[in-house]
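First up is the structure itself, then whatever we jot down about it.
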Amino acid sequence: QVQLVESGGGLVQAGGSLRLSCAASGRTSYIGIMGWFRQAPGKEREFVAGITWNGGSAYYSDSLKGRFTISRDNAKNIEWLQMNSLKPEDTAVYYCAAHGSPIAVRRPTWDYWGQGTQVTVSS
C-alpha cells in the first residue's frame, strides 16, 4: 500500500499562485509515476500533471501546460505542483495520485489516491 497526503490548498485571488505538496509513504518502491488530478463540482476528474519517479519525465494537461509545473524529490518521496496565473476555473479539489507505471496516465485509473485538497480561486 502507498499512502498519499496532500497539503497546500487554499483560497487565492485570480492571477495568484499556490504550491501543492504530496508526501508518499508505505510501499514507495512501487511508484513509477506520481501526479495530480482535479475535480470541480459536477465535473469528471481530470488529469493535471504527472512525473515519472525515476527519470523525472513530466506530463501535462494540454490546457494547463505553461501555468502549472510538477516536480519531485524521490529521495524524500515528495512531489509538488506549482500553480501560477490561477483562474477561477481552476477551482477544484486537487488529488495526488500514484501509479506503478506511466501507462494511460491521463485516465483517472491510478492505483493510489490522496484525500484531496481544495483550491479555490476568487475572481
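The values are calculated or read from the model by the stated rules, or taken from the named source; none is laboratory data. Treat the numbers as computed from the prediction; the structure is a model and nothing was measured. Glycine gets a Cβ as well: all are built from the backbone with ideal geometry, and neighbour counts include every protein chain shown. What goes into the accessible areas is simple: the full protein's heavy atoms, side chains included, and nothing from ligands, DNA or RNA. Shrake-Rupley method; radii C 1.70, N 1.55, O 1.52, S 1.80 Å.
For the reader, a short list of remarks on this structure follows.
- Global geometry of segment 30-73, whether rounded, prolate or oblate, following the gyration tensor of its Cα atoms and the 1.5 cut on a/c: oblate
- Considering only alpha-carbon pairs that sit under 8 angstrom and 6 or more positions apart, the relative contact order computed for the chain is 36 percent.
- The percentage of C-alpha pairs in segment 2-76 whose separation is greater than 15 Å is 62%.
- Solvent-accessible surface ranking, highest first, for 90, 73 at 1.4 angstrom: 73, 90
- Within the straight-line cut-off of under 23 Å between alpha carbons, the lysines reachable from residue 65 are 43, 87, sequence neighbours fewer than 8 places apart in one chain being disregarded.
- Debye, to nearest 20: dipole size of the chain, +1 on Lys, Arg Cβ, -1 on Asp, Glu Cβ: 80
- Split the accessible area of the chain by element, probe 1.4 Å, and carbon with sulfur accounts for 46%.
- Residue-normalised accessible area of the chain, expressed per residue, 1.4 Å probe, Å²: 50
- Dividing the mean sequence gap of close Cα pairs (under 8 Å, 6+ apart) by how many residues segment 65-123 holds gives a relative contact order of 33 percent.
- Other residues within the sphere of radius under 12 Å centred on the Cβ of residue 56, judged by their own Cβ, net out at -1 (K and R +1, D and E -1).
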